[in-house]
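For reference, the structure is listed below as structure tokens.
The values are calculated or read from the model by the stated rules, or taken from the named source; none is laboratory data. In this text, all values refer to a predicted model and were calculated from it rather than measured experimentally. We place every Cβ from the backbone using ideal geometry, glycine too, and count neighbours over all the protein chains shown.
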Amino acid sequence: MSGSASTEQGSSVPTARDSNGEPIRFQVTLQAEDYLRANQLNLRLRLFRRGMILAFLALWIFYSLLDLFLGGQWTGERIIGSVTAAFPVSLAVFAAIILVSWLYLRFSSRRLFRQNKMLSTAQSISAGANGVDFSSSLGQSHIAYALLHKWAANDHLILLYPGDNLFYLLPRRCVNEEQWRGLIAFLSASACPRTGPRPSQAR
């Protein structure tokens with residue numbers, strides 16, 4: 001969880017409520033596993049962004065040109081052969097990079113969680129008419145719905161994105177089922193676009 005926002009949206013936006021009609025407020029003390037799962041979901045979402053596709057294409061072009069230069073022939077048949085041969089090599093290298101990034105994420109997430117005391121500090125979260133408020137012994141922050149870039153969720157958590165790679169984390173384990181359904185329904189009905197997988201309604 002990181003970042004803050006203070007600009008408010010119009011009061012026409014309803015307060016987020018659970019399936020019983022109660023305003024959604026809850027207490028959160030993040031654990032290292034919460035932060036790891038959040039970063040894993042964030043990495044999965046980044047894999048399908050345009051930049052990652054362009055990175056793979058650049059890798060494919062690089063290995064195609066490398067094969068052409070080493071072969072020393074620039075005939076049409078040779079070019080097609082180099083492009084074809086470079087595809088599985090590029091795919092393997094790209095997959096290896098992603099695998100290393102995924103494995104390193106487990107180490108880096110836990111290390112950052114230990115270093116950043118703000119992440120492990122108990123805090124109160126409330127989803128109000130103008131945005132989501134976070135309050136702890138270290139301070140307060142507010143993110144307005146109008147400033148949300150996107151949101152994502154899986155069976156374990158919700159991520160609120162005020163920026164392309166900046167997110168707030170709401171763990172499912174810290175709310176009851178009525179609050180979870182209320183949060184999903186409220187965000188789904190908002191103007192903020194959703195990205196990524198769809199969580200199940202039951203644990």
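Taking the criterion of being outside the structural domain of I158 (by TED's automatic domain parsing), in a helix (DSSP H, G or I) and over 22 Å from N165 (Cβ atoms), would at least one residue in the range 45-60 satisfy it? Looking through the range 45-60, at least one residue is outside the structural domain of I158 (by TED's automatic domain parsing), in a helix (DSSP H, G or I) and over 22 Å from N165 (Cβ atoms).
Within the range 51-76, if we keep just the residues that are touching a residue at least 12 places away in the same chain (Cβ under 8 Å) and small (G, A, S), the residue that is farthest from V89 (Cα to Cα) turns out to be A55.
Considering only the range 138-145, I want to know if a residue exists there that is at pLDDT below 85 and aromatic (F, W, Y). Yes, the range 138-145 contains at least one residue that is at pLDDT below 85 and aromatic (F, W, Y).
Checking the structure you have, find out if any residue of the range 147-154 is in a helix (DSSP H, G or I) and basic (K, R). Full working, then the answer.
In the first step, residues of the range 147-154 are kept if they are in a helix (DSSP H, G or I); the result is 147.
Okay, now just the ones that are also basic (K, R), so none.
Checking the range 147-154: not a single residue is in a helix (DSSP H, G or I) and basic (K, R).
Each residue in the range 131-146 was checked for being farther than 21 Å from K117 by Cα and touching a Phe, Trp or Tyr at 6+ places or on another chain (Cβ under 6 Å), and 1 pass. Checking each residue in the range 23-65 for being surrounded by fewer than 17 Cβ atoms within 10 Å (Cβ to Cβ), of a type in the set (A, V, I, L, M) and farther than 18 Å from H156 by Cβ picks out L47, M52, I53, L54, A55, L57, A58, I61, L65.
A quick yes/no check of all residues on (1) modelled with pLDDT of 90 or more; (2) part of a strand (DSSP E or B); (3) surrounded by 12 or more Cβ atoms within 10 Å (Cβ to Cβ):
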{"position": "Y104", "(1), (2), (3)": "yes, no, no"}
{"position": "F134", "(1), (2), (3)": "no, yes, yes"}
{"position": "Y168", "(1), (2), (3)": "no, yes, yes"}
{"position": "L187", "(1), (2), (3)": "no, no, yes"}
{"position": "G196", "(1), (2), (3)": "no, no, yes"}
{"position": "S200", "(1), (2), (3)": "no, no, no"}
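Every test in (1) under 20 Å from the mean Cα position of the chain (by Cα); (2) touching a residue at least 40 places away in the same chain (Cβ under 8 Å) is passed by G182 save one, and that test is (1). Condition check: outside any loop (DSSP other than H, G, I, E, B), in contact with an Asp or Glu (Cβ under 9 Å, 6 or more places away or on another chain) and modelled with pLDDT of 90 or more. Does F113 satisfy that? Spelling it out, F113 is indeed outside any loop (DSSP other than H, G, I, E, B), in contact with an Asp or Glu (Cβ under 9 Å, 6 or more places away or on another chain) and modelled with pLDDT of 90 or more.
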